[in-house]
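A short write-up of the structure that comes next.
The values are calculated or read from the model by the stated rules, or taken from the named source; none is laboratory data. What you see is a predicted model; the values in this text were computed from it and never measured. When we count neighbours, we look across all protein chains shown, and the Cβ atoms used for this are built from the backbone with ideal geometry, even at glycine.
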Amino acid sequence: MARFYEFFAGGGMARAGLGNNWECLFANDFDPRKAASYAANWGNEHLRVGDVAELTTADLPGQADLAWASFPCQDLSLAGVGAGLAGHRSGTFWPFWELIRKLGEEERAPHLIVLENVCGALTSHEGKDFAAISSALSNNGYRFGAVVMNAVHFVPQSRPRLFIIGVRKSISIPKELISEQADDIWHPSALKDAYRRLQKRTQQSWVWWNLPTPPARTTIFADLVEDEPQGVNWHTEAETNRLLALMNPNNLAKVEAAKRSGNRMVGTVYKRTRAEGPNGEKFQRAEVRFDDIAGCLRTPTGGSSRQTIMVIEGQLVRSRLLSPREAARLMGLPEDYILPTRYNEAYHLAGDGVAVPVVSFLEEHILDPLLVAALAREERAA
């Protein structure tokens with residue numbers, strides 16, 4: 001059985017995606033509320049709640065095949081205008097990496113590393129943050145590459161995320177895992193640009209990972225919506241009208257088209273601040289989509305709104321907040337996953353997590369073949 005450490009573990013969504021063939025040796029998260037959800041679903045035997053900067057290698061048992069780190073994204077999510085890796089939250093990457101570096105000194109370095117974050121990590125500080133992460137991997141014995149995977153391939157939620165996958169340079173990578181050049185499915189232009197900005201020495205450790213085309217998704221957002229939601233109530237008519245009043249003409253036109261369709265239409269709404277008019281005045285606007293997918297789940301902090309469902313049947317328009325279970329479904333969590341009882345905590349847990357089926361896809365097509373190669377090397381060495 002493969003073994004892994006899970007840093008910045010949240011509710012254990014990476015663990016859910018890796019599946020039963022992986023054994024967790026150690027998990028860590030700073031947030032006691034997320035850790036409580038982790039413990040409720042996975043137990044607390046290997047869970048350590050606290051600051052990653054306070055950990056030492058003595059806290060990490062054995063040697064892991066994989067270290068997974070979905071490190072905080074808040075300072076990287078503004079496409080280069082935030083604090084980046086110098087920030088208080090996203091900067092926690094560095095104490096995590098110091099643990100990995102010291103494990104290497106103890107000859108316990110994980111065979112594989114996966115780093116997950118928002119796509120803004122590619123452009124933060126004009127690409128310098130991505131270059132710093134890349135150099136850290138290359139200089140400490142890892143070949144690595146990155147892919148941008150949108151959860152929309154697997155669940156009806158638009159959620160593009162960056163995954164940096166590293167493998168020890170001593171492990172021979174199966175040739176079928178390497179592409180001769182970047183493809184357009186998993187390697188968008190922002191990633192290609194970030195690669196070109198890397199130093200030549202770092203580029204020598206780069207791998208263009210070869211992933212297959214994902215299977216066609218079989219669900220739409222309406223399939224995940226509860227008829228009788230738990231934890232939320234339908235808005236009053238006045239509340240729905242206030243939401244409609246925040247829409248600009250383009251979004252109101254979408255609502256009117258949905259009314260005329262004659263079908264039951266289920267969409268999602270986010271409130272956003274937009275600059276409009278010749279003077280760039282800022283207004284709060286409600287923006288709706290009826291394309292059978294939800295907008296990207298966010299954490300309900302820092303000014304971000306919670307996602308609203310809008311259901312239209314003829315002239316009847318109803319609205320309410322997305323329920324906690326619906327948010328969990330959008331992340332690919334199973335129905336028996338135990339959610340926090342408080343709405344904001346459940347929504348935050350989902351909005352701050354990694355989509356489970358994306359992890360499973362990476363495990364099947366990249367991590368598992370790499371691990372087979374790593375184990376084959378160990379057997380030859382023995």
Point to revise | Wholly enclosed helices (runs of 4 or more DSSP H) of region 274-380 bearing at least 3 residues in the same structural domain as residue 30 (by TED's automatic domain parsing) and of a type outside the set (Gly, Ala, Ser) | key: 356-362
**Study point:** Residue in region 198-233 that is surrounded by the fewest Cβ atoms within 10 Å (Cβ to Cβ), counting only those that are among the aliphatic types (A, V, I, L, M) and outside any loop (DSSP other than H, G, I, E, B)
**Key:** 222
Practice item. For residue 135, state whether it is in a loop (DSSP other than H, G, I, E, B), in contact (Cβ under 8 Å) with a residue 40 or more places away in the chain, surrounded by fewer than 18 Cβ atoms within 10 Å (Cβ to Cβ) and of a type in the set (Ser, Thr, Tyr). Key: no
Exercise for review: Within region 164-175, count every residue that is in contact (Cβ under 8 Å) with a residue 60 or more places away in the chain and in contact with a Phe, Trp or Tyr (Cβ under 9 Å, 6 or more places away or on another chain).
Suggested key: 3
Check your understanding: What strands (runs of 3 or more DSSP E) lie completely within region 1-78 and have 2 or more residues being at pLDDT 95 or above, closer than 17 Å to residue 95 by Cα and not charged (D, E, K, R)?
Key -> 2-7, 22-29, 66-69
Exercise for review: Give me a count of the residues in region 311-325 that are touching a strand residue (DSSP E or B) at 6+ places or on another chain (Cβ under 7 Å), buried (at least 19 other Cβ atoms within 10 Å of the Cβ), under 23 Å from residue 349 (Cα atoms) and not small (Gly, Ala, Ser).
Suggested key: 2
Check your understanding: Under the condition of being touching an Asp or Glu at 6+ places or on another chain (Cβ under 9 Å) and of a type in the set (S, T, N, Q), which residue from region 260-306 is farthest from residue 349 (Cα to Cα)?
Key -> 263
Revision key, fill the gap. Per the filter on region 253-291, residues more than 18 Å from residue 307 (Cα to Cα) and basic (Lys, Arg) are 259, 260, 264, 282
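Quick check, is residue 154 within 30 Å of residue 130 (Cβ to Cβ) and either surrounded by 15 or more Cβ atoms within 10 Å (Cβ to Cβ) or aromatic (Phe, Trp, Tyr) (or both)?
On the way: within 30 Å of residue 130 (Cβ to Cβ): yes; either surrounded by 15 or more Cβ atoms within 10 Å (Cβ to Cβ) or aromatic (Phe, Trp, Tyr) (or both): yes.
The answer is yes for residue 154.
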